[in-house]
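The values are calculated or read from the model by the stated rules, or taken from the named source; none is laboratory data. All values derive from a computational prediction rather than experimental measurement. Cβ coordinates were reconstructed from backbone atoms using ideal geometry, including for glycine residues, and neighbour counts include every protein chain displayed. Ligands, DNA and RNA are excluded from the accessible area calculation, which covers all protein heavy atoms including side chains. Shrake-Rupley method; radii C 1.70, N 1.55, O 1.52, S 1.80 Å.
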Amino acid sequence: MVVLEGVVVKREAQRIDVLLEGKVLRGIPRGKVRTSERIYAGDIVSGYTEGDGIFVIEDIKERKNLLIRPPVANVDCVIIVSTLREPEFNNFMLDNLLVVYEKEGVGIYIVFNKVDLLDKEGKEELKRWSNIYENVGYKVLAVSVITGEGLEEFSNIFEPGIYVFAGPSGTGKSSLISAISGVDLKKGEVSRKTGRGKHTTTGVSLLMLEGGVFVADTPGFSKVDALKFIDRENVKDYFREFRNYVCKFKDCLHVKEEGCAVKEAVSKGEISAERYKSYLRIIS
Ligand SMILES: Nc1nc2c(ncn2[C@@H]2O[C@H](COP(=O)(O)OP(=O)(O)OP(=O)(O)O)[C@@H](O)[C@H]2O)c(=O)[nH]1
Ligand SMILES: [Mg+2]
Ligand SMILES: [Zn+2]
């Protein structure tokens, strides 16, 4: 029998969809894959087709990486979608996410959506936060799905690979994917309306754009705790801006130690006080 290879483009509860030669088939794990392994969106799976649109999965190709939050395999880049308003910006959550993704070594973009909602004060706030993250070395974009502002620049970032849209609930991940792909995710999707009349993404699904680009829409979260994924003493390694400083003690945790160059940099304003506050709160 010919062994075929497909990509898992949807993972939700018991459902696994496999994209094979442009067609979406229902994936059914068999043998050791069924009993001892979990399959994630983004996985490359091998097996054979059977009857009515069934793909029997016999094996999973070794993963390049595996994000746990959100659960997607073989990720090239994470696009963290945030907002200043609706919902209010939560920099502590963003800093937790950044730590988690830094550890995975994936590319990272920070995209502030819903800039149409910002008044003068809001725009200043946006500039202040953008500067903070750009100074750390992150690529930051500001967009609005409603007005189209920034969307052209945003759609130009994509190169072949898997891009995961992550971030708090309601920031506009699904809306952004719809805007750049032209696919209305809210229609074809299994989505439920919450009390506030919003569509909430449930499972993870990958959409194929032109030129080998896959984008993963994922459910938003309300809380992320970096310590679930990283040991307390290693968190400092994933604050990029701390790496430029050499403290008196090699194992300095940058809390109360004598001769801490990171703390000194915070007091001089070289390192953002907000970022440092997040760091202390993560490890506390
Ligand atoms: N004002 C404004 N509203 C937007 C914008 N983008 C999305 N929205 C609205 O924000 C709400 C949430 O958008 P979604 O795209 O469902 O957000 P999501 O991040 O996919 O949410 P989850 O799937 O729950 O994580 C919807 O009512 C959208 O119409 C924007 O640029 N401006
Ligand atoms: Mg969504
Ligand atoms: Zn230190």
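Numbers below:
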item	result
Qualifying residues in segment 123-137 (those that are in contact with a helix residue (DSSP H, G or I) (Cβ under 8 Å, 6 or more places away or on another chain) and surrounded by fewer than 17 Cβ atoms within 10 Å (Cβ to Cβ)) - the one farthest from Ile177 (Cα to Cα)	Asn135
Residue pairs meeting the criteria (Cβ under 7 Å; at least 6 apart or on separate chains; first within 16 Å of ligand 1 (Cβ to nearest atom), in segment 246-267; second open to solvent by 20 Å² or more (accessible area, probe 1.4 Å) and assigned to a helix (DSSP H, G or I))	none
Candidates Val255, Val246, Val224 - the one that is modelled with pLDDT under 95, among the β-branched types (Val, Ile, Thr) and part of a loop (DSSP other than H, G, I, E, B)	Val224
Any chance Leu206 is of a type outside the set (Val, Ile, Thr) and at pLDDT below 95	no
Residues located in segment 16-56, provided they are open to solvent by 70 Å² or more (accessible area, probe 1.4 Å) and under 19 Å from Arg69 (Cα atoms)	Glu37, Arg38
Selection status of Tyr138, in contact (Cβ under 8 Å) with a residue 40 or more places away in the chain, in the same structural domain as Ser205 (by TED's automatic domain parsing) and over 23 Å from Ala273 (Cβ atoms)	no
